[in-house]
Each structure stands twice: as structure tokens, then as C-alpha cells.
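These notes are about the structure you will find just below.
The values are calculated or read from the model by the stated rules, or taken from the named source; none is laboratory data. This one's a predicted model, so the numbers in the text were calculated from it and none came from an experiment. Every residue, glycine as well, gets a Cβ built from its backbone with ideal geometry; the counts of neighbours run over all protein chains shown. Protein only, heavy atoms only, side chains kept; ligands, DNA and RNA dropped before computing areas. Shrake-Rupley method; radii C 1.70, N 1.55, O 1.52, S 1.80 Å.
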Amino acid sequence: MSAAKNININLKIWRQKNASSKGSMETYKLDNVSTASSFLEMLDQLNEQLINEKKEPVAFDHDCREGICGMCSLYINGRAHGPDTGITTCQLHMRMFNDGDTIYIEPWRSKAFPVIKDLVVDRSAFDRIQQAGGFVSVNTSGNTIDANSIPVPKVDADKAFEAAACIGCGACVATCKNGSAMLFVGAKVSQYALLPQGKVEATQRVLNMVRQMDEEGFGNCTNTGACEIECPKGISLENIARMNREYLKASLK
Amino acid sequence: MAKSALLKSSIVKKYWMALTGLFLCLFLAGHLAGNLQLIFGTSQQFNEYALFMTTNPAVKLLSYVTYISIIFHAIDGIMLTIQNKKARPIGYAKTDGSSSSLASRNMAVLGTVILVFIATHMVNFWAKMHFDKNMPLVQKEIDNGMGGKQIQLVGTKDSQMPFMQLDQTGKLSKEFFEMIKAQTQGQYDLEVQDMTKIVNKKTGEVVFIGYKDLHKLTVDFFKDAKYGLYFTIGYVLAMLALAFHLWHGFQSAFQSLGVNNKFTPAIKFFGRAFAIIVPLLFAIIPVFLHLKK
Amino acid sequence: MKLDSKIPAGPLKDKWTDHKNHLKLVAPNNRPKIDIIVVGTGLAGASAAASLGEMGYNVKAFCFQDSPRRAHSIAAQGGINAAKNYQNDGDSIYRLFYDTIKGGDYRAREANVHRLAEVSGNIIDQCVAQGVPFAREYGGMLDNRSFGGTQVQRTFYAAGQTGQQLLLGAYSALSRQIGLGRVKMYNRHEMLDLVKVDGKARGIIARNLITGEIERHSAHAVVIASGGYGNVYFLSTNAMGSNVTAGWKIHKQGALFANPCYVQIHPTCIPVHGTNQSKLTLMSESLRNSGRIWVPKKKEDAEAIRAGKLKPTQIAEEDRDYYLERKYPAFGNLVPRDVASRAAKEVCDAGHGIEANDTNEGVYLDFSTEIQTKGKQSAYAKGNHNPTPEEITALGKQWLEEKYGNLFTMYQKITDENPYETPMKIYPAVHYTMGGVWVDYNLQSTIPGCFVAGEANFSDHGANRLGASALMQGLADGYFVLPYTISNYLADEIRTGKISTDSPEFIEAEARVKDSISKFLNNNGTKSVDYFHKKLGLIMWNKVGMGRNEAGLKEAIAEIAQLKEDFYKDVYVPGSADELNPELEKVLRVADFIELGQLMAMDALQRKESCGGHFREEYQDAEGETLRDDENFKFVGAWEYKGDDINKEELHKEELKYEEIKIAARNYK
């Protein structure tokens, strides 16, 4: 491990008062940032500085700060979640940057993810896709069948888990040159398609979720594969292929 | 599924792109096989092949499928691109392309280049072949037995007469037909129909069928003193675009159709080999023709 | 005030069944006439909202995040307990019940805990039916692992992301109801007050965090499922937004707050790196299955390591102190969390800590033994009976990667160290709060119609929560308890009709909220919200943390009271009320944390015993273990709000009765 040191950086950050106003990139200088800090801790530091100068701090989404809630969402130096793979922005550390660097920070850019303020975007489109079919229609009762009554091959269970690991952060949409949400939708469709519990309503699910996805104004997948690279959870393109298969099956039914 | 979804749904659009794209890959393979005769075959072989390709009903059908595929692939692609642009109304100030390949990000540009190429290609060859009154026919120079030369049109297998005499200038002139009419007391009143056929107007009988000389057209095109070099370079550049387009497109089509499994690495390998070999071979031909003495 | 826990009569194992059979019902045709508000969409809130929606009630669900899927339940790593006995190691409902009571150091209600154990199996059934991809064995059956404080394997898991998978399961059920129109979801909304009409909970005041609009929402019942209050310490494993505001506001409206001093300090977190640190990251407790915890025996070695002169791998086996294995041979590295945390504090206080930060606080969690053991097993299973050391190490690492891959990656990203090669550095951090709003057996607070579920209530974990039990409780409350008990309450509300939001009570509550917002915005102080929050955190960690004593607690109480004064005088909040304003959100939360912090110290001061997560240095046995005082402190301490001065809060006691379990000193040796 390289010992932590302090660096000085320049920041170019998208500032936008609210959804209806026009935004612009603003420049900030921030000194004495520990390389052991996380990227968001660096932003905390910037905000503390801005508050002390009685200026408006930068709004950005974040919550768990351990890479699982999917709330953080920054486009850093041209990459979703910044210059590292397999992580969310909150897991990005300042040791990835050098003294004197200029860092660009922008919000996710997508018609379906309108900017709310500064770096905060509205990702409720994902919720609506999930509401359209991302579930198994089973009511709560104490009498659902025993958990072990339907064996699930380990391979399928593992694949379903890998698909289900999606945190819904939207990096796939942000990084896709087409603003496509197919990795997100493909992962959800796959999770259920792989499990016997989900197969029952697979047809309706894939048709409804894809319909909703299209209505939300996401772009179309052109298989560039950028989403898979930038996905903090490494969700595979296989899931999009599986969704394509499921959709074909459902369409032919 | 609702009918409109056949066109509207994002995923169905992908199916269409994939299916038409893969069909066009097949077309490319066939086309290449034919074109290679420009290097490895005689001009006669090539022209016979050209004749077959323009007259065989099955090929005709396939060609219509090909035209439709090209048009559909292009229109669908344009629609996708427009929608995709709309999906990101405000772009990024800074982007880093490291997470996807150049080819995959520029399919629309590459496709447009290829479409333009196809259009010029068809004007230069296909249209001339089909509609140009001046399309040359296959000729042969023979010894007239008197130390001089005589030019004949070569007849096809189906032709009644294996060849057709031309006049001194190498043309089927009206005077020549008049002469034959006079010689045969009006039995043979010949005229040219459909560019290649010579028909006896009196009986409706086709007395001669010639070949269009596509070989000559092609060679002349690339050897043109003024523009041949540019045509050759243009052709090579178009093939480069095609190579990039295929580099991403081939495997992508399988992904779109839902094939992503243990065969994917093999498909990827094959796709990339196809993307290199096919355009390369295509491109070698005009270069070969241009440089050939 | 007399606290009535409403524990049903009858034998323990029949209590819940009998109680359920006699609860009043609301007929399906009446349910759409009834509105229910659910605040929070973690495991408890999402499962409650989904279940109540399924039943046909009109549900309004609120979360401050941008989506219900972000609730912090998502971060739970290790697993969820259930008494399924799939592994045939003698597990049963009784054993889960017993382990939980014992793990809670005999400070939890028997009846509640037994009910939790009873429904635990249903939770797994329900989740599997929802498509939660639990880990499975090759035969297709569910896999289990063992967890701290138990001697059976009853923990179901999905790699290191069990909380995520369970939450996404509940979220999917909730999404289904939202899609069907039975639940109306309010994302980016924060509850800022409870509205009581005629003594009953009748609605909430919420702020739309995007527009800043203050909204009135009425309902026939309000469910608070807003999670725990660990962020009182500023640094914790909680999410940045996790807060106590909903719970604290109902406390101010009359709900008693129980056992606030019961805080769980999780033994396996990544140590603090510096002053700009914003939160602490947990490394799942499940790692203690495979890792061995140690510090250097010699202080010189520890010093050399801190100075960067020695590497942990250079410390010889005999120079390592595997202190948990040494002190607790029966449970070893798997002792309950409070025990493991205190032991770490003890060795670090003694100068053996290995982390090069201000406090030297850190110990090693070492996987090298496990790599060898599992490597050999894997080789054997593959038919390789004479593996080379390299093969063993490679296979062992592969095994670890399969089991904990994401955790190891996470660790490496944060610390820049490779835990496959060098031991992890860990240290305890605030993780979970057992205390919370006091509720009766029906999960109803002392305010009629105001129910509290999940970590926000105090009910099931006593003074210490066992690993993999929080997920169990959240889902049990939401899926299998609240739907029954809330219907019982609502059966009397079918004639009430729509509740107006124009009543004086709503107007007054809204004015209260608007007033406090404008006060903060116009305060024009000089210091940021975080400045005060960090100060509060330091006081809490140092004086109301892992080790507490009378003098320190008294100081803490005074210091926090002073901090509160300074805070109101000098805090600066930029921006305005009618926009997305994260600083405003924070200031409202921190105001409540400060008050709660003081109450926590008061509760810790009054509890003159050590139990579970509450360790009073004055009350320990000869070996430094917790020393309970069952005679005087076998009660739930529930505090009643008495106005602005927290010192005036009044303590009420709910005596704990142990009918089934013989109360004893906790022994993990």
C-alpha cells in the first residue's frame, strides 16, 4: 500500500439550480485532499469549504457509501463512477488521482434521467420499469410452499444471483452512448427467468418491462458493451441476450 | 404481441437489424465469390457468371431480398440512431471511450459510408448492366482468313447462332441488318432487343443472345486513365468501413438474437475473421485490376 | 404511565397462534376505505407496505431516498437466520428463540422473540417464492452458514449481499403493489412530524425533498419503519441518510423511547483512516467463519507494524495472540458481536493495536489458515489427494473468492491492500441500535395507531443483536406481524371515514415544521451542520461507546446539552426551503440526533449494570465480562418526553418476565 498523502486538485463540476434552469460547468480548486479519502469524502470537503465561504454546496446523491445502495451516480472524467472498474463512485478513492489533476464531474445524462439539481438526477424511470413486471406475483402468507420444495440447480441460482446483484444505479444508461437501459432490464428479466418461481409469468414480465422501458425514453442497445464494463456489479451482457431470447419467446407465444 | 410492436419495440428493432445484417453477410460471401473470378477466372467465366446472376429466377428472388434487407437495415438503423440521439439530449463535457470499441460506437457512420458506397456502386455497375444502352457486349476478334481481323459478338449457350458478325467498326449497324435483310430476301428482319438479344422481327425468333461485358466494364472502370485511381482508393476505403462495421456487427447480431453462450467466443472469432477477410478480399480486386497491365 | 406490553396469556409456544386467532379482522370490502402511512421502505417498511397493499388497504409509503430500493437494509451482508434445520444439526424454533434471548443478554421479551423464531421459517419460504436467489448446494437445496453466537448452521445467505437480495425481494413485492395502484409511493419525501388527533396517530407532515413543499398526509394508522439511530455517532456503518427523525418526532408526540443506550458495535469494520472520513464500512460477520482474529503478542511488534517497519505476514505464529480463541475456546472467533468488539478494544487499549491512525485502533482478521484448510479440502474433492502447497493455496484462495469475493474486492478497493495475501485490518464500529421506540406485543407504540417496526422499535434483540437477526426481524415485523396486529386496531376504524388534513392539528403540526425550518435557514451561524455532527459523534464514541462509566456519562450529558445550545446558536444552513437542500435535510436530522444522544447517555447512566452492547466499566466480572444486575435492572427502560430539556425525560420500567428460560450469566467459553 502506498501511504496516504495530500494532493491539490481542480474540479470542473456541473452546477444547475433546478430541473428547469440551464446549467453550466463551474471550476473549483480544492487543496489538501488525502489520497485515502473516498471521492465523496473529497466532495464533502469541497462542500465544507463552500459552506464556510457561504456559497451553495454541490448537491449530489449518495447514501450507503459502501457500494450497494446504488444512490451515488457521478460521471467522472468521462466515465460512469470514475476511473476504476467494478466500483461505485462512493468506492472510488482519491489515490486514483494525482496532484494537480483536473477532474470533471457531471450528472448522468439521459432523457429518462432528468437533472433535479447539480449532480442529482431522477431515476424513478427504473422504479416504473420494475413496477411494470419486475416481480413474482406471490402474496404474503405464512403458507407459501416450503423453500426447499422446488430444487433450483446451483448454476441457475448462481446466475440468477449474479443478475440480481444489480444495484439500479443507472451507470449502464449513463455510459451507454445510446442511453439504453437494457442491462438493467435484462438483469431483472434474467434473474426471474432463471428461477422456477419466476418462469410462470415470464412472458408477461418481459413484454411489460420492455414496453415500459421504451416508454421511458431510453435508447436502444447497439451492443457496444460499455455498460458491462462500467457496471459496478459486473452484470454481464449475457443478461441482455437472455432478455432478447425471452422477448422473442414471448413475442412468438 | 401487438402488431405495432413488430416495428416499435426496441428489442424487435434489434432483431430486424440482426436478421437483415446476417443475411447481408451471406450476400457478401456470395458476392465475393463472384468477384474473385475477376482475379482467378477468365473474363468469359466472369461474364457467364454475371449473366447467370442477372437472369436466374432464384437469384432474382434473392436479389430482391437483398435490396429489401439493405433498405430495411438502413432505415431501421437510421430510426435507431435518431432515437438513441434523442435519449441523450444533453451530452457530456468530457467522455472517455475506453469502455467500448470505436467500431461499436460508430455503426451509424460506418453504415452511412457503406450505404453511399452501395449507391455509387450500383450506379456504376448494376445500373449500367441493367439499363445502359451503351453497355458493351462480349466480343471476340478472329482472323478472317484473309490476314485481316474480324470482330464478332459471342453468343451464349442458349443462343441459336454461336456468334454474330459485326461490321468493320465493330458495331451492329442498321446498314448491316439491312444488308442481311436484302441477302435473305426479307426472311431475316433483325433488330436488337433487351440490349443483348437479336430477334427476327418476322418470326419473333431469337437468333442470337450475347453477353453483357461486365468484365470489361469493371476493368475499364478501375483502369480509367483519369479517375481509375480515385475509384480504386474509394473502393478500398469503403471496404475499410465495411470491415469495421462487420467487426462489431457480426457478433452483435448474434447477441441481439439472444445468442450469448459458450459458443460466443467462437462466434466472435469467426465474426472478426469474417470482418477482416471478406472486405480485404473485396478490396484486393480493384487494386489488382488497377495495377494489372 | 403504566406500560402494558399486551403479551398474550398462555404457554409461550401458543401465544402467537392464539393471539392471531383472536385478533379482530377488517373485511375485504372495508379495507379500501382505510388509509395507512408507512414511513421507511427498508425490509420492515417495504414488506409491511407490500403486505398491507396486498390485503387491500390504501397504503402511502414514504422514503427519503430516490427509490425504495435504496433503504439501508440493502447493505446487510451476511445472512438471515431461520429455524429450518435444513442442515440437520439439531436446530429448532426453541433453539433460535433461546440463542436470541441469550445473545441479547436476557434483556429481550420472551414472547416477542419466540414469535420471531416461529415465523422465521415462513420468511425463507416467502422470499424463495418471490425469487430471492439464495445460495444453493449442487443438489438444488438451500445452503446455510453459521454465524456468531450460535452452534448451528441456520443462516441463509446470498453471497455477501443477503440484505440486498432480501430488500430487492421486498421491493419487488412493493413495486407490484405500486404498479397495481394499491400503494402510492412518495420517494424523496421525509417525514418531519406526526399528527395526532384525539390522541390517535392520524397522519404525518412530510417534506418533498425536491420542491421543499411541506405536505400533509392523513391516515388511519401510521407505521414507522425508519431504521436505527447509529448515525448519532457520526461515524457508523449506517448510510449517510439514516436518521432517527421519524422515531424521535413520535417520541416527542408521546411515544416512549426504550433502551436508547443499547447500541451494537460491530467487531469487523474497516478501521478509520482520517479526519475526513464520512462513514465506516462493515466487513461481514460471516468472515469470522473463515478468518482468525489476532494482534501481535509483543507491543514492539505492534509498534513496528504501525510504523510500517514490519508486515503482519512476518510475525511468527507463536508471536501472534489469537485472543478470541484464547479467551473463548468454545466459540472462538464466533463469539457474539459485543464480546468480540470489547475484546478488540481491550487489546488495542493495551497497546497491541496495529492500525496507523490517531488511536492505533485495529486488529487483524487473517485468512491464511482457512486458505490452507479449504485448499486441501477442495483438492481432495477434486480427486487430487497429493496436492502441492501451491495448488492448495490457489484452491484455497479460489474457495475464499467464491464465498466472499465481493467483500474481499470491497476491502481492497477501500484500503488498497489484498486480503488474499495479507490479513485484513478490522476494528469495531457502531452498526445497529437495539433500542428504539417502545412497542407492545402488537408493535404499537404508546400512541394509538402509531406502529413501529424493524430496527426503529426496541422489541426483539435485548441488549445485543445476534448476526443475521436484523433481517429476520425486519421481515417478520413487516410480512407476518403487522398485517395481523394493525388490522386488529383498524377494525375499530371502519366507520371513521376519510380523515381531513384541514383540522387544526394538521395546521398546527405543519406550522411547527415550517417554523423550525425557517429558524435554521435564518440562523445565520458560522459553522456547518457536519461540524456539530462530528462533535456529537466524538462525545458519543468516547463516552457512550464501547466502554462507559459514570463520570464519562455525566460529562457526556453536560457536553451534549452544551452542544445543543451552540448548535442552535451557531449552525449555518445555506440555500432555501423551497428546493433540494441537503444541508437543510441534515440540520433537521442532527437536531434530533443531539437530543437523542443526550437521552442515550442518560439511559446508560441509569442502567447500573453491564449487559450486551451496554458495557459499564464499573460492572464487570473478574475476567472483564459483562456483569448484569438482574435483580435491579431486568427491565426495559422506556423514556417519556417532557419538553425541550431532555434531562427532564421520565423513565418508565417494563419488567421483563422469564417464564421459559432460566436466566443465567452469558457464557461463550
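Each row is one residue, and each column tells you yes or no for (1) assigned to a loop (DSSP other than H, G, I, E, B); (2) outside the structural domain of C:Ala71 (by TED's automatic domain parsing); (3) touching a Leu at 6+ places or on another chain (Cβ under 7 Å).
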site	(1), (2), (3)
C:Leu194	no, no, no
C:Gly203	no, no, no
C:Ala206	no, no, yes
C:Glu215	no, no, no
C:Val222	no, no, yes
C:Gly228	yes, no, no
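Go through segment A:147-162 residue by residue and tally those that are more than 7 Å from chain C (Cβ to nearest Cβ), under 22 Å from C:Leu43 (Cα atoms) and either assigned to a loop (DSSP other than H, G, I, E, B) or hydroxyl-bearing (Ser, Thr, Tyr) (or both).
Initial filter on segment A:147-162 (more than 7 Å from chain C (Cβ to nearest Cβ)): A:149-150, A:155-156, A:158-159, A:162.
From what is left, the residues that are under 22 Å from C:Leu43 (Cα atoms) are A:162.
This time we only want the ones that are either assigned to a loop (DSSP other than H, G, I, E, B) or hydroxyl-bearing (Ser, Thr, Tyr) (or both), so: none.
So the count comes out to 0.
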Pairs, first exposed (fewer than 15 other Cβ atoms within 10 Å of the Cβ) in segment B:92-121, second basic (Lys, Arg), C-beta under 8 Å, six or more apart:
B:Gly97/B:Arg105; B:Ser98/A:Arg79
Number of the exception - C:Pro504 against (1) of a type outside the set (Lys, Arg); (2) touching a helix residue (DSSP H, G or I) at 6+ places or on another chain (Cβ under 7 Å); (3) under 30 Å from C:Val26 (Cα atoms); (4) without any contact (Cβ under 8 Å) to a residue 12 or more places away in the chain:
(2)
Selection within segment A:1-40 - within 11 Å of chain C (Cβ to nearest Cβ) and either free of Cβ contacts under 8 Å to residues at least 24 places away in the same chain or among the β-branched types (Val, Ile, Thr) (or both):
A:Met1, A:Ala3, A:Ser21, A:Val33, A:Thr35
Would it be correct to say that B:Asp213 is of a type in the set (Asp, Glu), in contact (Cβ under 8 Å) with a residue 12 or more places away in the chain and either touching a Phe, Trp or Tyr at 6+ places or on another chain (Cβ under 6 Å) or open to solvent by less than 30 Å² (accessible area, probe 1.4 Å) (or both)?
yes
Give me a count of the residues in segment B:122-167 that are assigned to a loop (DSSP other than H, G, I, E, B), modelled with pLDDT under 85 and under 28 Å from B:Phe222 (Cα atoms).
3
Against the condition within 30 Å of A:Arg123 (Cβ to Cβ), at pLDDT 95 or above and either within 14 Å of another protein chain (Cβ to nearest Cβ) or open to solvent by 10 Å² or more (accessible area, probe 1.4 Å) (or both), how does C:Tyr57 come out, does it pass?
yes
Residue satisfying all of: in segment A:80-111; at the interface with another protein chain (Cβ under 7 Å from one of its Cβ atoms), surrounded by fewer than 20 Cβ atoms within 10 Å (Cβ to Cβ) and charged (D, E, K, R); nearest to C:Leu282 (Cα to Cα) among these:
A:Arg95
Just checking, how many residues over segment C:498-522 are open to solvent by less than 40 Å² (accessible area, probe 1.4 Å), over 30 Å from C:Leu43 (Cα atoms) and assigned to a loop (DSSP other than H, G, I, E, B)?
1
Which residue is most open to solvent (accessible area, probe 1.4 Å), if the candidates are limited to segment A:127-146 and must be more than 7 Å from chain C (Cβ to nearest Cβ) and within 23 Å of the chain's Cα centre (by Cα)?
A:Arg128
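Could you tell me whether A:Asn223 is in a loop (DSSP other than H, G, I, E, B), away from chain C (no Cβ under 13 Å) and open to solvent by less than 20 Å² (accessible area, probe 1.4 Å)? First the steps, then the outcome.
Details: in a loop (DSSP other than H, G, I, E, B): yes; away from chain C (no Cβ under 13 Å): yes; open to solvent by less than 20 Å² (accessible area, probe 1.4 Å): yes.
Yes; evaluated as a whole, the condition is true for this residue.
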Inspect segment A:125-147 for any residue being within 30 Å of A:Tyr28 (Cβ to Cβ) and without any contact (Cβ under 8 Å) to a residue 12 or more places away in the chain and give the result as yes or no.
no
Which ones in segment C:634-669 are among the hydrophobic types (A, V, I, L, M, F, W, C) and crowded, with 20+ Cβ neighbours inside 10 Å?
C:Val636, C:Ala638, C:Trp639, C:Ile646
Whether any residue in segment C:75-93 is of a type outside the set (A, V, I, L, M), open to solvent by 10 Å² or more (accessible area, probe 1.4 Å) and in a helix (DSSP H, G or I) is what I want to check.
no
How many residues does segment A:199-211 hold that are out of contact with any Lys or Arg (no Cβ under 6 Å at 6 or more places or on another chain) and either acidic (Asp, Glu) or surrounded by fewer than 24 Cβ atoms within 10 Å (Cβ to Cβ) (or both)?
8
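On the given criteria, is C:Ser487 under 19 Å from the mean Cα position of the chain (by Cα), open to solvent by less than 10 Å² (accessible area, probe 1.4 Å) and not hydrophobic (A, V, I, L, M, F, W, C)? Working first, answer last.
Values: under 19 Å from the mean Cα position of the chain (by Cα): no; open to solvent by less than 10 Å² (accessible area, probe 1.4 Å): yes; not hydrophobic (A, V, I, L, M, F, W, C): yes.
When the stated conditions are applied, C:Ser487 does not pass them.
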Filter result (under 30 Å from C:Asn144 (Cβ atoms), part of a loop (DSSP other than H, G, I, E, B) and modelled with pLDDT under 90) within segment C:268-312
C:Met283, C:Ser284
Would you tally the residues in segment C:182-213 being surrounded by fewer than 24 Cβ atoms within 10 Å (Cβ to Cβ) and of a type in the set (Gly, Ala, Ser)?
2
Can you give me the number of residues within segment A:44-79 that are crowded, with 24+ Cβ neighbours inside 10 Å, part of a loop (DSSP other than H, G, I, E, B) and within 14 Å of chain B (Cβ to nearest Cβ)?
2
Please work out which residue is least open to solvent (accessible area, probe 1.4 Å), limiting yourself to segment C:411-435 and to residues that are over 20 Å from C:Ala344 (Cβ atoms) and either in contact with a helix residue (DSSP H, G or I) (Cβ under 9 Å, 6 or more places away or on another chain) or modelled with pLDDT of 95 or more (or both).
C:Gly435
Which one is nearest to the other protein chains (Cβ to nearest Cβ), of the residues in segment A:235-253 that are in contact (Cβ under 8 Å) with a residue 12 or more places away in the chain and open to solvent by 50 Å² or more (accessible area, probe 1.4 Å)?
A:Glu238
For C:Gly179, state whether it is facing another protein chain (nearest Cβ under 10 Å) and open to solvent by 10 Å² or more (accessible area, probe 1.4 Å).
yes
For C:Leu588, indicate whether it is away from chain A (no Cβ under 14 Å) and either among the charged types (D, E, K, R) or out of contact with any Pro (no Cβ under 9 Å at 6 or more places or on another chain) (or both).
yes
Name the residue that is nearest to C:Ile74 (Cα to Cα), counting only residues in segment A:163-178 that are in a helix (DSSP H, G or I) and facing another protein chain (nearest Cβ under 7 Å).
A:Ala164
Could you pull out the residue among C:Thr409, C:Thr415 that is polar (S, T, N, Q), within 14 Å of chain A (Cβ to nearest Cβ) and closer than 30 Å to C:Asp349 by Cβ?
C:Thr415
